[in-house]
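Written below as structure tokens is the structure these notes are about.
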Amino acid sequence: TARNIYITPDSTRMIAAADRKLTVINIRSEKVEFEIPVDGVVEGVAIESDKHMVIQRLFLQVAGLNGFEVMDYASRKVTGKTVLPAATSGLAVSPDQKTLWVSSSASDSVAAFSLPELKKVGAVTVEHGPASIACSASACYVGCAGALSVIDRQGMKELRRIPAGASPGRILLVE
């Protein structure tokens, strides 16, 4: 069963994250192009692409891992792992492809990592269990208990909270 589905930056494929695999599907033909086995249950995926929208890496939120795995898309191999102090709740790559944002409900925080280096460049405390995350050109939106937290990407601070029901589970930005 697919847990989540992600559209690639060029809108030609979707990636379905299932229990122990990623399935890449051509949107036009609706046919599976290939599957990538994964050691663990994939709970979230963030996609890094180049300026031509060609996928470079996938960042995988894997059950039981405090942190995330890094997969080279061309080779379809995990090339690294970043271990964090607490479990990861959500992942998002900024639209400019310069930052990976990682939320953790266990630590009530959202961390930012520079791309492509994956160097931690900051963190923001976000109370009430930050979970899913999505980024626009200027802000990141994090689903928390009862609200969306709006984070200033440049200033690395929480700007405000937008009431959004009991537990906003998924966030989709349409600009």
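Scanning segment 65-86 finds no residues that are free of Cβ contacts under 8 Å to residues at least 40 places away in the same chain, farther than 18 Å from Leu118 by Cβ and open to solvent by 20 Å² or more (accessible area, probe 1.4 Å).
If Arg76 meets every condition in (1) on the phi < 0 side of the Ramachandran plot; (2) modelled with pLDDT of 90 or more apart from one, which number is that one? So the condition that Arg76 fails would be (1). For segment 1-20, the candidate set comprises residues that are surrounded by 15 or more Cβ atoms within 10 Å (Cβ to Cβ) and modelled with pLDDT of 90 or more; within that set, the residue that is nearest to the chain's Cα centre (by Cα) is Tyr6. Residue count for segment 22-39 under the criterion of being closer than 24 Å to Ala87 by Cβ and open to solvent by 60 Å² or more (accessible area, probe 1.4 Å): the result is 2. Sort out which residues of segment 128-163 are part of a loop (DSSP other than H, G, I, E, B), at negative phi and modelled with pLDDT under 80, and write them in order of number. Ala145, the sole residue that qualifies. Consider Ile55 carefully, then state whether it is at pLDDT 95 or above and more than 27 Å from Lys120 (Cβ to Cβ). Taking the combined requirement at face value, the residue does not satisfy it. When we screen Val78, Val110 for residues that are out of contact with any Leu (no Cβ under 9 Å at 6 or more places or on another chain) and among the aliphatic types (A, V, I, L, M), the only hit is Val110.
When Glu48 is tested against the conditions (1) in a strand (DSSP E or B); (2) free of Cβ contacts under 8 Å to residues at least 60 places away in the same chain; (3) acidic (Asp, Glu), the lone failure is (2). Restricting segment 126-145 to residues that are over 13 Å from Ser105 (Cα atoms) and surrounded by 15 or more Cβ atoms within 10 Å (Cβ to Cβ), the residue that is nearest to the chain's Cα centre (by Cα) is Ala134. The single condition from (1) touching a strand residue (DSSP E or B) at 6+ places or on another chain (Cβ under 8 Å); (2) farther than 19 Å from Asn4 by Cβ; (3) loosely packed, with under 14 Cβ neighbours inside 10 Å that Leu118 fails is (3). Scanning segment 146-156 for residues that are touching a residue at least 40 places away in the same chain (Cβ under 8 Å) and open to solvent by less than 10 Å² (accessible area, probe 1.4 Å) returns a single hit, Ile151. Restricting attention to segment 40-63 and to residues that are within 16 Å of the chain's Cα centre (by Cα) and not aliphatic (A, V, I, L, M), the residue that is surrounded by the fewest Cβ atoms within 10 Å (Cβ to Cβ) turns out to be Gln56.
The values are calculated or read from the model by the stated rules, or taken from the named source; none is laboratory data. All of these numbers come straight from a predicted model, not from anything done at the bench. Every residue, glycine as well, gets a Cβ built from its backbone with ideal geometry; the counts of neighbours run over all protein chains shown. Each accessible area value is taken on the protein alone, full model and side chains, heavy atoms only, with ligands, DNA and RNA left out. Shrake-Rupley method; radii C 1.70, N 1.55, O 1.52, S 1.80 Å.
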